[in-house]
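Colleague: Take a look at this one; I'll ask things after.
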Amino acid sequence: MFAYLDSAATTNVLKEAADAAYAAMMEGWSNPSSRYPSATAAAKQVAEGRAAVAQALGCSPKELVFTSCGTESDNWALRAGLYVNRRKGKHLITTAIEHSAILETCKQLEKEGYEVTYLQPTAQGNVSLDELAAALREDTVLVSMMLVNNELGTVLPVKEACALVKRFDRKILFHCDAVQGFLKVPFTPRSLGVDLLSISAHKIHGPKGIGAMYIRSGLSFPALITGGGQENGLRSGTEATSQIAAFGVAAKLCKATFRQDIAHMEALKQYTLAGLAGALPQVEVIAQGEAPHILALTLPGYKAEVLVRVLGDNGVCVSAGSACHRGKPSHVYAAMGLTKPQRDGAFRISFDRSTTVEEVDYFVEQLVKAKAMLFPTMS
Ligand code: PLP
């Protein structure tokens, strides 16, 4: 049996999305910028993809720019946001629990002379608005806060944080990394009040290699790539027509079942917790994240790395910490102040609309077996 419980790392591509990509490659392969009927059809396909993603996100298609991934959107938002406000100052604020797409860029920016304040998480894996208020300064130019933490599933108070920042100074730009929040928790960029927001297709059953950035209408924003003027002059380069088509289909289908998918994932989360409580009472929940699809757990004192490898050998895909860390210790767990045994034993399971109860049962069964085999003397 195969149990895929790592949907926060990536999701399976919907057949309808893959079919749309295939059709765009085999039939609609003209250059959307050319001036004959097949090119017009390709341009229409791009427009339809953009409209579908915008509709799922709840913004105007004009506010959406396709990028190659969430990481690219995050990098662009930070660097271009700082450029927009370059005369105001060189201070930015983010959280210590952001994805490395933000944190590594911030590290680089610090080397280039910017000053970064990292809001430290609470013991519950969230951030405090008081801490944000205290960090704001005259020379603050940008705030970046994720919507859903990829390791914990906590939903950060982006709406309240953005309102607070804008009350302090409307000129400060607010960026939100919503890669884990898109179609997992209800929001629109406007309901959050943000200026910039990143999403990625492969977290919502679309292909890898395509993401998008929301840029609030009216905000004058510098181009990421200059050239032929595609993407409204903001990101030149011939459009990734097949990926855009697939992203559009995935967004449309996931939007159509959004409410029931959330309920399904939430129910699976509770089912998993109940199953684990019965079979392995030593399992602790690291954070009670409100997002329906992510469950951060620990078996304190056990080596999650080893458990996860054995689970993998038996067809169970879960993640020790975040897949993006490539084996490095999690900065999120460290920032939360987890003890070493808790950090060592930490693993993440995550769900999507296609995850089944049978997969969860198999995971629990295999976890019990792996623990007994690897750590026979531990209770
Ligand atoms: N931001 C968050 C919160 C993520 O979870 C991820 C991917 O795991 C990213 C950004 C990066 O997205 P992408 O894989 O599309 O570059």
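Colleague: Please name which of Y83, L57, P37 has its Cα lying farthest along the dipole of region 1-121 towards the positive end, using unit charges on Cβ (Lys, Arg +1; Asp, Glu -1) and the Cα centre as origin.
Modeller: Y83
Colleague: Compute the distance from the alpha-carbon center of region 44-75 to that of region 213-281, in whole Å.
Modeller: First find each Cα centre; the distance between them is then 9 Å.
Colleague: If you don't mind, another one. Take the residue pairs K107/K269; K62/K107; K44/K208 and return only those whose Cα atoms are more than 26 Å apart.
Modeller: Details: K107/K269 35 Å; K62/K107 32 Å; K44/K208 22 Å.
From the list (K107/K269; K62/K107; K44/K208), the Cα-Cα distance tops 26 Å for K107/K269; K62/K107.
Colleague: Relative to the compact globular guide of 2.2 N^0.38 Å, what is the alpha carbon radius of gyration of region 220-296, as a ratio? Could you put the intermediate results ahead of the total?
Modeller: On the way: Rg = 20.8 Å, N = 77, 2.2 N^0.38 = 11.5 Å.
This ratio for region 220-296 stands at 1.81.
Colleague: About the Cα centre, and with charges only on the beta carbon of Lys, Arg (+1) and Asp, Glu (-1), how big is the dipole of the chain? Nearest 20 debye, please. Please list the in-between numbers first.
Modeller: On the way: 38 positive and 36 negative charges, 168 e Å.
Here the size comes out at about 800 debye.
Colleague: Could you give the angle, 0 to 90 degrees to the nearest 10, between helix 37-57's Cα long axis and the longest principal axis of the Cα atoms of the chain?
Modeller: Taking the Cα atoms of the chain, the angle to 37-57 is about 50 degrees.
Colleague: Next up: Once phi is turned into θ = phi - 60°, what whole-Hz ³J(HN,Hα) does the Karplus curve with 6.51, -1.76 and 1.60 give for every residue of region 369-376, x standing for Gly and Pro?
Modeller: Along region 369-376, the couplings run 5, 4, 5, 5, 6, 7, 10, x Hz.
Colleague: Rank S7, A23, N314 by how far each Cα sits towards the positive end of the charge dipole of the chain (+1 on Lys, Arg Cβ; -1 on Asp, Glu Cβ) and give me just the farthest.
Modeller: The residue sitting most towards the positive pole is A23.
Colleague: Translational D (Stokes-Einstein, µm²/s) of region 1-112 at 20 °C and 1.002 mPa s when Rh comes from the Kirkwood sum over C-alpha pairs?
Modeller: The diffusion coefficient I find is 121 µm²/s.
Colleague: Follow-up. Kindly state, as a whole number, the per residue volume in cubic angstrom of the convex hull around the alpha carbon atoms of region 116-216. Walk me through the numbers on the way to the answer.
Modeller: Details: hull volume 10.7 nm³, N = 101.
So the per-residue hull volume is 106 Å³.
Colleague: May I pose another question? Using +1 on the beta carbon of Lys and Arg, -1 on that of Asp and Glu, and nothing else charged, what's the dipole of region 27-116 about the Cα centre, debye to 20? Mind dumping the intermediate values first?
Modeller: Values: 11 positive and 10 negative charges, 93 e Å.
Value, rounded to 20: 440 debye.
Colleague: For the chain, build the charge dipole from Cβ charges (+1 Lys, Arg; -1 Asp, Glu) around the Cα centre, then report which of L295, S144, H205 sits farthest towards its positive end.
Modeller: S144
Colleague: Counting only protein heavy atoms and using a 1.4 Å probe, what share of the accessible area of the chain belongs to carbon plus sulfur, as a whole percent?
Modeller: Details: 8860 of 15880 Å².
For the chain, the apolar C and S fraction of the accessible surface comes to 56 percent.
Colleague: Separate question: Could you name the aspartates and glutamates whose alpha carbon sits less than 20 Å from that of K303, not counting residues in the same chain fewer than 8 places away?
Modeller: By straight Cα distance, K303 reaches D6, E151, E284, D313, D344, E365.
Colleague: Among the GluC sites (Glu not before Pro) within region 100-148, which fall in a DSSP loop and have no more than 14 other Cβ atoms within 10 Å of their own Cβ?
Modeller: On the way: sites: E104, E110, E112, E115, E131, E138; in loops: E112, E138.
When the GluC sites (Glu not before Pro) of region 100-148 are filtered for loop state and at most 14 Cβ neighbours within 10 Å, E112, E138 remain.
Colleague: Sorted by packing (mean other beta-carbon atoms within 10 Å per residue), highest first, where do 277-290, 187-200 land? Can you show the working numbers first?
Modeller: Details: 277-290: 15.6, 187-200: 22.9.
Per-residue Cβ counts within 10 Å, averaged per peptide and sorted highest first, yield 187-200, 277-290.
Colleague: Can you give the Rg to Rh ratio for region 274-379, taking only C-alpha atoms and Rh from Kirkwood? Before the final figure, lay out each step's value.
Modeller: On the way: Rg = 13.1 Å, Rh = 14.1 Å.
Checking Rg against Rh, the ratio lands at 0.93.
Colleague: Which trypsin sites (Lys or Arg not before Pro) in region 1-84 sit in a loop by DSSP (not H, G, I, E or B) and have at most 12 other Cβ atoms within 10 Å of their own Cβ? Could the numbers behind the result be given before it?
Modeller: On the way: sites: K15, R35, K44, R50, K62, R79; in loops: R35.
Taking region 1-84 and a limit of 12 other Cβ atoms within 10 Å, the loop trypsin sites (Lys or Arg not before Pro) found are R35.
Colleague: Give me the Debye-computed log₁₀ of I(q)/I(0) at q = 0.07, 0.11, 0.12 Å⁻¹ for the chain, equal point scatterers on Cα only, no solvent, two decimals.
Modeller: The Debye formula, applied to the Cα set alone, gives -0.32, -0.79, -0.92.
Colleague: Quote the convex hull volume per residue of region 169-232, based on C-alpha atoms, as a whole number of Å³. Kindly include the intermediate steps, with their values, before the conclusion.
Modeller: Details: hull volume 6.7 nm³, N = 64.
Roughly 105 Å³ of hull volume per residue.
Colleague: Counting heavy atoms of the protein chains only and a 1.4 Å probe, report the per residue accessible area for the chain as a whole number of Å². Mind dumping the intermediate values first?
Modeller: Working: 15880 Å² over 379 residues.
I get 42 Å² per residue for this part.
Colleague: Of all the C-alpha pairs in region 71-136, what % are more than 13 Å from each other?
Modeller: Working: 1384 of 2145 pairs.
Everything past 13 Å amounts to 65 percent.
Colleague: From the cross-link list K88/K184; K90/K184; K90/K171; K88/K111; K111/K166, which pairs have alpha carbons spaced over 24 Å apart? Spell out each step's value before the answer.
Modeller: Details: K88/K184 35 Å; K90/K184 34 Å; K90/K171 13 Å; K88/K111 19 Å; K111/K166 28 Å.
Too far apart for the 24 Å limit: K88/K184; K90/K184; K111/K166.
The values are calculated or read from the model by the stated rules, or taken from the named source; none is laboratory data. Fair warning: this is a prediction, and the values are worked out from it, not measured in the lab. Using ideal geometry, Cβ is built from the backbone for each residue, glycine included, and neighbour counts are taken over all protein chains shown. To get the accessible areas, we keep the full protein, side chains included, count just its heavy atoms, and leave off ligands, DNA and RNA. Shrake-Rupley method; radii C 1.70, N 1.55, O 1.52, S 1.80 Å.
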